Structure formats: C-alpha cells, structure tokens
Amino acid sequence: MSYEARHDIFEPGDLTALVCVEQPEPQQQIIGHLTSMDYKVHTGLFLEDIALKMKSHPYDVIFIDETFGGSTLAQNPVLAESAQLPLAQRRNQFLVVIGHSVMTNDEMSSFIFSADLVFSYGDLNNLKPVLRRGVTRQREFYHQFKECLKIEGMR
C-alpha cells in the first residue's frame, strides 16, 4: 500500500475534504470514511501543494497529521498555514488534527492547536460518528454568528 495522490473533481455543493496524512494505511482509512460520508477528497502531497490547495478551495474538512513532513505538532507547517487562512474561510472549515499523541475529542488540545477536533489514530474505526458529531456541533455553534453576518451584509 502506498501514499495515494487523490484529486477528486468538485462540483458546486459537494462536500469536500483535504487529507494531509502521509502514512498509507491511515490515509486509506480516512479517505474510505470520508467517501462513505459523500465527501470528495484531495490529498496533500507536500507543504507547497497543501498551501496552494487551501488557498484555492475552501474545503469543508481538513485532516492534518500531527507529524506531517517530519514535523512536530508544535512546529507543524500545515497547521501554521491553516492559521494564515482568512477568518471568513477558516470558520467554514472543520480542521482535524490527527495523530498518535493526541486523545480523541480532547477539547483543550483542539483549542491549543486552533483545531476543531483532535483525533487519535487508535480510534480510526470510530471516525464517522465522531466527525459527523463534530461537524454538526460546529455548524450549530456558528449558525447564529453567520446569520448576523448575513443580515449585516458581511457574508
């Protein structure tokens, strides 16, 4: 099994995901879960590729491996790149940090890493319900704020 370069064709209204995971087995599991949830998927091959993809398309979900590109979680270049996205784009995305050193649904870790969810590789079998619940929770959290922006003509 090898690292897959995936680049689905997006149509308006599609659910979209960017998977920045280099290990082939978990990458395939994540892609499998996402496609079963009707997401169209792109994979990030290297930092410049990911940066261009994040700037050119507002993905609904972005998975970032804690050690992408051989980095540490504190120095993760993909997380740093996501922090540079415009706030209007970022609040419409669901950012997942995935790794071996994080505990699934640890809200303090999510806050520290400016992510919406942290997820452990050990819980990959439970990805669908956890992701579905997290995305729904984020949508409900931002709903009123987005409505106010729409009323004010700022969205």
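Do you know which residues across the stretch 35-58 are in contact (Cβ under 8 Å) with a residue 60 or more places away in the chain and either buried (at least 17 other Cβ atoms within 10 Å of the Cβ) or not hydrophobic (A, V, I, L, M, F, W, C) (or both)? First the steps, then the outcome.
Filtering the stretch 35-58 down to residues in contact (Cβ under 8 Å) with a residue 60 or more places away in the chain leaves 36-37.
Ser36, the sole residue that qualifies.
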Qualifying residue in the stretch 93-111 (condition: of a type in the set (Gly, Ala, Ser) and either out of contact with any strand residue (DSSP E or B) (no Cβ under 8 Å at 6 or more places or on another chain) or without any contact (Cβ under 8 Å) to a residue 12 or more places away in the chain (or both)): yes
Close pairs from the stretch 8-23: first in contact (Cβ under 8 Å) with a residue 24 or more places away in the chain and within 27 Å of Tyr121 (Cβ to Cβ), partner in a loop (DSSP other than H, G, I, E, B) and hydroxyl-bearing (Ser, Thr, Tyr), Cβ under 7 Å, at least 6 apart: Thr16/Tyr59; Ala17/Tyr59; Leu18/Tyr59; Glu22/Tyr3
Any hit, the stretch 139-153, residues being within 23 Å of Ser36 (Cα to Cα) and not charged (D, E, K, R): no
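Which is among the hydrophobic types (A, V, I, L, M, F, W, C), touching an Asp or Glu at 6+ places or on another chain (Cβ under 6 Å) and closer than 18 Å to Gly99 by Cα, of Val41, Val21? First the steps, then the outcome.
Numbers: Val41 fails: closer than 18 Å to Gly99 by Cα.
Going through Val41, Val21 in turn, just one is among the hydrophobic types (A, V, I, L, M, F, W, C), touching an Asp or Glu at 6+ places or on another chain (Cβ under 6 Å) and closer than 18 Å to Gly99 by Cα: Val21.
I need a count of the residues in the stretch 126-145 that are of a type outside the set (A, V, I, L, M, F, W, C) and in contact (Cβ under 8 Å) with a residue 24 or more places away in the chain.
Taking the stretch 126-145 and keeping what is of a type outside the set (A, V, I, L, M, F, W, C), we get 126, 128-129, 132-134, 136-140, 142-144.
This time we only want the ones that are in contact (Cβ under 8 Å) with a residue 24 or more places away in the chain, so: 128, 132, 134, 138, 142.
The total comes to 5.
Would you pick out the residues in the stretch 1-31 that are hydrophobic (A, V, I, L, M, F, W, C) and modelled with pLDDT of 90 or more? Full working, then the answer.
Going residue by residue through the stretch 1-31, those that are hydrophobic (A, V, I, L, M, F, W, C) are 1, 5, 9-10, 15, 17-21, 30-31.
Answer for the stretch 1-31, where residues must be hydrophobic (A, V, I, L, M, F, W, C) and modelled with pLDDT of 90 or more: Leu15, Ala17, Leu18, Val19, Cys20, Val21, Ile30, Ile31.
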Matching residues, the stretch 35-51, being in a helix (DSSP H, G or I), within 15 Å of Asp65 (Cα to Cα) and of a type in the set (Val, Ile, Thr): Ile50
All helices (runs of 4 or more DSSP H) inside the stretch 76-151 with 1 or more residues being more than 25 Å from Ser56 (Cα to Cα): 107-112, 127-151
Complete set of residues in the stretch 136-155 that are among the acidic types (Asp, Glu) and within 20 Å of Pro86 (Cβ to Cβ): Glu147, Glu152
Residue within the stretch 32-45 that is modelled with pLDDT under 90 and not charged (D, E, K, R) present: yes
Selection within the stretch 59-72 - more than 12 Å from Val21 (Cα to Cα) and surrounded by 22 or more Cβ atoms within 10 Å (Cβ to Cβ): Tyr59, Val61
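The values are calculated or read from the model by the stated rules, or taken from the named source; none is laboratory data. Predicted model, so just to flag it, every value in this text is computed and none were measured. Don't worry about glycine lacking a Cβ; one is built from the backbone with ideal geometry, like all the others, and counts go over all protein chains shown.
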